[in-house]
Amino acid sequence: MSETIPVEELSYEAARAELVKVVQDLEAGTQTLDQAMALWERGEALAERCQQSLDGAKARIAARTGNRAGSPTDGSEPGSPNGASGPGLAGGASGVVESDGGLGDKP
């Protein structure tokens, strides 16, 4: 971590990649206690950033599909998208991510 970017400025992908590295570094156990604590704290912040990104993506999908956040989208509920009736996104859920390329910060 030579040049540390503030966690809130990282994309999900960048935060997750750095979190993986932090875990690997901690598992190696080659740091002093102070270094390990700093890594752990950074890891906690990175994990929180990843969760915020995932929660935001989930909310955007729910808003676009009319589902409540946290409700199943596996087709087990009446009125589920595309009439899917089994596990997963069977029934053609290709419209879930719109043409803006995915889950960026665009409204």
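The numbers here are math on the coordinates, done by the rules we state, and not lab data. Fair warning: this is a prediction, and the values are worked out from it, not measured in the lab. FYI the Cβ positions are ideal-geometry reconstructions off the backbone, even for glycines, and counts take in every protein chain you see.
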Residues in the stretch 1-27 that are touching a residue at least 40 places away in the same chain (Cβ under 8 Å), over 17 Å from Glu41 (Cβ atoms) and part of a helix (DSSP H, G or I) total 1
Sole exception among (1) out of contact with any Leu (no Cβ under 9 Å at 6 or more places or on another chain); (2) not in a helix (DSSP H, G or I) for Gln31, by number: (1)
Can you list residue pairs whose Cβ atoms sit under 8 Å apart, with the first residue in the stretch 31-44 being touching a residue at least 12 places away in the same chain (Cβ under 8 Å) and farther than 18 Å from Glu8 by Cβ and the second being in a helix (DSSP H, G or I) and of a type in the set (Asp, Glu)? Count only pairs 6 or more apart in sequence or on different chains. Leu39/Asp25
